[in-house]
């Protein structure tokens, strides 16, 4: 529906619309407050649910569960259940999810610049 409006608006050409579609798809997959942090921790290796909860202060159980399900549905992570007693579940980044590594690097670099610009120090600088 919204794309139909863009297509009829003379201010938007096909390149603008194409850009909008692809950027929107990316934001849909990795946007939100917690997804990139979850992915960043999984880039380092497999993590269990409670480990992720400890690594991401402030995320609620409900939100972490929801974000993990969405990332799994998008094929960015895999939920591995091991047939043990008690059952052990780990989350790992898929090969497809690993294609986000350049985005992590860009976000890190931009974050450094942004924090300097806004006068914030990193944890390493305050020790």
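The values are calculated or read from the model by the stated rules, or taken from the named source; none is laboratory data. This one's a predicted model, so the numbers in the text were calculated from it and none came from an experiment. Here the Cβ is made from the backbone with ideal geometry for all residues, glycine too, and neighbour counts use every protein chain on show.
Just to check your reading of the model, which residue among 64, 52, 42 is closer than 24 Å to residue 100 by Cα, touching a helix residue (DSSP H, G or I) at 6+ places or on another chain (Cβ under 8 Å), assigned by TED's automatic domain parsing to the domain that holds residue 108 and touching a residue at least 40 places away in the same chain (Cβ under 8 Å)? The unique qualifying residue is 42. Set side by side, the residues 108, 96, 91 differ, and just one is on the phi < 0 side of the Ramachandran plot, at pLDDT 95 or above, in the same structural domain as residue 38 (by TED's automatic domain parsing) and not in a strand (DSSP E or B), which is 96. Just one residue in the set 86, 102 is part of a helix (DSSP H, G or I), without any contact (Cβ under 8 Å) to a residue 24 or more places away in the chain and out of contact with any strand residue (DSSP E or B) (no Cβ under 9 Å at 6 or more places or on another chain); that residue is 102. Among the residues that make up the range 35-52, is at least one of them touching a strand residue (DSSP E or B) at 6+ places or on another chain (Cβ under 6 Å) and part of a loop (DSSP other than H, G, I, E, B)? Yes, the range 35-52 has at least one match. Of all residues in the range 100-117, those that are closer than 13 Å to residue 40 by Cβ and surrounded by 12 or more Cβ atoms within 10 Å (Cβ to Cβ) total 6. Any residue at all in the range 63-77 that is over 13 Å from the mean Cα position of the chain (by Cα), surrounded by fewer than 17 Cβ atoms within 10 Å (Cβ to Cβ) and part of a strand (DSSP E or B)? Checked the range 63-77: no residue is over 13 Å from the mean Cα position of the chain (by Cα), surrounded by fewer than 17 Cβ atoms within 10 Å (Cβ to Cβ) and part of a strand (DSSP E or B).
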